[in-house]
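Input: a single structure, listed below in structure tokens.
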Amino acid sequence: MKEWRKWTTLVVIVVIGAALIYTLFQPQPKLAHSLKPGDPAPDFTSITLDGASIKLSDYRGKGVLLNFWASWCTPCVEEMPRMNKAYRLNTSNVEIIAVNVGESRGTAREFLTTLGIDFPVWLDPSGEAAQSYKVTGLPATFLIDKQGRLVKAVAGELPNDKIIVEHLKSIEP
């Protein structure tokens, strides 16, 4: 019986170790078949937290930092206050627009109220807008110039407000 426990323990340790190694050596998240710089940013219609219909093309002439997120996404939760700080410091003709993917208006509103988020938030309950940008993981951020062309796509969390401000400056009209 002792021999059986030894082997079982060894198998469990090997499986856990293999899973840990697999996780540690996974590449950073990517945007599958992502759009390329210079491509037109896909236009989409969304709704605001107040229920108004709005289109991304309404922001033509301004730079746009477009961020896809969800309240259950830990990196999204961590980057939101940084984006809010950058939004408050932003004096250029650049907009930050956060698109909540797959959640209800109430869930998104409660989350944003708790964090005190000031920038515009749109809703994408069906995930269609995220699909048009080929988003495969959250958060995902797209920098769009004033002509509506993609400048850069960033998969994963924006790590600090300095980088966010640099991104905003890179798409100033």
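The values are calculated or read from the model by the stated rules, or taken from the named source; none is laboratory data. All values reported here derive from a predicted model rather than from experimental measurement. Here Cβ is always computed from backbone atoms with ideal geometry, including for glycine, and neighbour counts include all displayed protein chains. Surface areas here come from the heavy atoms of the whole protein model, side chains and all, with no ligands, DNA or RNA. Shrake-Rupley method; radii C 1.70, N 1.55, O 1.52, S 1.80 Å.
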Nearest 20 debye, what's the magnitude of the dipole of the chain about its Cα centre given +1 on Lys and Arg Cβ and -1 on Asp and Glu Cβ?
480
Anyone know which of ALA70, ALA140, ALA52 comes out most mobile in the 10 Å Cα GNM of the chain?
ALA52
Have a look at the chain and give its Rg and Dmax from the Cα atoms, expressed in angstrom.
19.7, 74
Give the percent of DSSP beta bridges with both residues in the chain that are antiparallel, rounded to the nearest 5.
60
Reachable lysines, given that their alpha-carbon falls under 18 Å from the alpha-carbon of LYS36 and they are not under 8 places away in the same chain:
LYS134, LYS146, LYS152
Computed accessible area, LYS162, all protein chains, 1.4 angstrom probe, square angstrom:
140
Two-decimal log10 I(q)/I(0) for region 56-109, as the Debye equation yields it once each C-alpha is a single scatterer, q = 0.25, 0.28 Å⁻¹:
-1.06, -1.15
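Helix-derived [θ] at 222 nm for the chain: sum -39500 (n - 2.57) over DSSP H runs of at least 4, divide by residue count, nearest 500?
Working: 5 runs with 65 residues, N = 173.
That comes out to -12000 deg cm²/dmol.
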